[in-house]
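Take a look at the structure below.
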Amino acid sequence: MTAMTDEALARARKGDLEALAGLLEACAPALRAELGARLPAAHRAVLAIEDVLQVTWLEAFLAIERCTSTSAAGFAAWLRAIAERNLQDALRGLARDKRPDSRGRADAAAELLDELAAGGTS
């Protein structure tokens with residue numbers, strides 16, 4: 001395991017995957033606790049913090065060269081911002097999934113209007 005140091009961050013930014021993995025591992029407990037505290041109870045059954053962290057790890061892997069921080073504390077803040085954004089995206093996705101499909105209602109309304117316009121007897 002790589003220690004959470006400025007040197008480890010410098011190596012990670014240069015492509016050292018072991019250093020990056022160590023940094024992510026070092027940040028994981030605090031991120032789990034922080035994201036867990038922000039996850040609404042109503043969503044705990046359908047959204048796992050580990051899923052949010054997996055997306056965060058992937059984004060960190062893809063963007064580590066663009067991390068402008070030169071300190072381990074700055075890296076932790078950068079990673080926390082990515083994780084927070086991913087949590088918010090996941091929560092928005094859940095809210096979007098709960099909304100009824102307005103296209104289905106429009107189709108049903110059009111069918112009803114067609115039936116009424118047909119002029120049949122009731």
In the range 30-40, residue farthest from GLN88 (Cα to Cα) [restricted to those that are open to solvent by less than 80 Å² (accessible area, probe 1.4 Å), out of contact with any helix residue (DSSP H, G or I) (no Cβ under 6 Å at 6 or more places or on another chain) and outside any loop (DSSP other than H, G, I, E, B)]: ALA30
Could you say whether any residue in the range 1-12 is in contact with a Cys (Cβ under 9 Å, 6 or more places away or on another chain), surrounded by fewer than 19 Cβ atoms within 10 Å (Cβ to Cβ) and either of a type outside the set (A, V, I, L, M) or at pLDDT below 95 (or both)? yes
Subset of the range 18-27 that is without any contact (Cβ under 8 Å) to a residue 40 or more places away in the chain and open to solvent by less than 20 Å² (accessible area, probe 1.4 Å) - its residue that is farthest from the chain's Cα centre (by Cα): ALA19
Residue under question is LEU9, and the condition is that it be closer than 18 Å to ALA81 by Cα, assigned to a helix (DSSP H, G or I) and within 22 Å of the chain's Cα centre (by Cα); does it hold? no
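Condition check ((1) among the hydrophobic types (A, V, I, L, M, F, W, C); (2) closer than 18 Å to MET4 by Cβ; (3) touching a residue at least 24 places away in the same chain (Cβ under 8 Å)) across all residues:
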{"residue": "ALA48", "(1), (2), (3)": "yes, no, no"}
{"residue": "GLN54", "(1), (2), (3)": "no, no, no"}
{"residue": "LEU58", "(1), (2), (3)": "yes, no, no"}
{"residue": "ALA63", "(1), (2), (3)": "yes, no, no"}
{"residue": "SER69", "(1), (2), (3)": "no, yes, yes"}
{"residue": "TRP78", "(1), (2), (3)": "yes, yes, no"}
Name every residue in the range 28-46 that is within 14 Å of ASN86 (Cβ to Cβ) and touching a residue at least 40 places away in the same chain (Cβ under 8 Å), in order of residue number. LEU31, GLU34, LEU35, ARG38, LEU39, HIS43
Within the range 46-78, the count of residues that are under 14 Å from the mean Cα position of the chain (by Cα) and of a type in the set (Ser, Thr, Tyr) comes to 1
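The values are calculated or read from the model by the stated rules, or taken from the named source; none is laboratory data. Nothing here was measured: the structure is a model prediction, and the numbers come from that model. Note that we place each Cβ from the backbone using ideal geometry, even for glycine, and neighbour counts take in every protein chain shown. The accessibility values were calculated without ligands, DNA or RNA, using every heavy atom of the protein model including side chains. Shrake-Rupley method; radii C 1.70, N 1.55, O 1.52, S 1.80 Å.
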